[in-house]
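The values are calculated or read from the model by the stated rules, or taken from the named source; none is laboratory data. A quick note: this is a predicted structure, and the numbers were derived from the prediction, not measured. Note that we place each Cβ from the backbone using ideal geometry, even for glycine, and neighbour counts take in every protein chain shown. Keep in mind that these areas ignore ligands, DNA and RNA; they rest on the heavy atoms of the full protein, side chains included. Shrake-Rupley method; radii C 1.70, N 1.55, O 1.52, S 1.80 Å.
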Amino acid sequence: EVLISSLHGKRPFSKRVVVRGEPIVWGLASGCVFYYQDVLTRELERWRLSEGQVKEELQRLEKAMDKVQIDLAGLKSKVGYEIGAKHAEIFGVHQLILRDVELFKEIEKQLRHRLVNAEQIVQDVFRDWEKKLKDTRSDVFRERASDVVDVGKRLLKALIGVGEISLSNVPVDSVIFAQRLLPSDTASLNAKNEKAIVTLEGTQNSHSAILARALDIPFVSKINIPIASLPPKTQVIVDGQKGRIIINPSPA
């Protein structure tokens, strides 16, 4: 057994390697690496606004918010039917976050002051909100940071005009590798295709973990290698009980 700490920076893609992480959802699964990146972590196009364009940009923001509310209502109904009413309420909370008056006021304030497109403002506001929650001493608030991020991701997609990328359509026998997996990402998983989840960020009590547990999908987080250090389609085994990822496992 080759441990990642013994490789001294080499690219160990031809060897059997064991990576350590934190067990989130118990279970054992094998599959191929599939990378997923949410829109809040990407670089977005930026353009300047004139003061006369602010009203039009705010109208575009309100239209996007209305679309997200409709999408969340549909997702809440879907999760309620497929998983359960208790889990569906996660997305009821997301609807409340989007209706927060202070949220819209902050976006409007920054948009008028900075005079840049709404996508940039939304990304920055939600990143700041996420950081504040993660910096609190309360475990509950830190775990809810992913819900705030999830709402921001949906709002950005609506503004950009990007369609929903459903993780239910990834290749069969995929193991999802991501910086983080948000509740709506997890709710879209198809346990027949996605065999396991591996992330850099995540806790046992997050809404993503709760949904993965309900779907019976093994989940390991806080792995000790960069998330993109493995080529796509690399064969791996995920041990959700011990928090191990076995890269290039032997046939045995």
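Structure above, values below:
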read-out: Set Lys132/Lys153; Lys86/Lys195; Lys76/Lys109 screened for pairs whose C-alpha atoms are more than 28 Å apart; value: Lys76/Lys109
read-out: Relative packing of peptides 88-95, 116-123 - highest average C-beta neighbours within 10 Å first; value: 116-123, 88-95
read-out: Global size of the chain as Cα Rg and Dmax, reported in angstrom; value: 19.5, 67
read-out: Convex hull per residue volume in Å³, alpha carbons only, for the stretch 175-228; value: 66 Å³
read-out: Solvent-accessible surface ranking, highest first, for Thr203, Thr186 at 1.4 angstrom; value: Thr203, Thr186
read-out: For the stretch 101-108, 3J(HN,Hα) per residue [Karplus equation, 6.51 cos²θ - 1.76 cosθ + 1.60, θ = phi - 60°, Hz, x = Gly/Pro]; value: 4, 5, 4, 5, 4, 5, 5, 4
read-out: Relative pair counts by distance (%), Cα atoms of the stretch 94-220, 5 Å bins; value: 2, 10, 18, 21, 18, 14, 9, 5, 2, 0
read-out: Point-charge dipole on Cβ atoms (K/R +1, D/E -1) for the stretch 109-252, about Cα centre, debye to 20; value: 340 debye
read-out: Solvent-free Debye scattering, log10 I(q)/I(0), computed from the Cα coordinates of the stretch 60-146 at q = 0.25 Å⁻¹; value: -1.22
read-out: For the stretch 197-248 versus the stretch 42-103, the gap between their alpha-carbon centres in whole angstrom; value: 28 Å
read-out: Solvent accessible area, Å² - Lys78, 1.4 Å probe, full protein context; value: 80 Å²
read-out: Residues of type aspartates and glutamates that Lys55 reaches as a straight line, Cα spacing below 13 Å, ignoring anything fewer than 8 places off in the same chain; value: Glu108
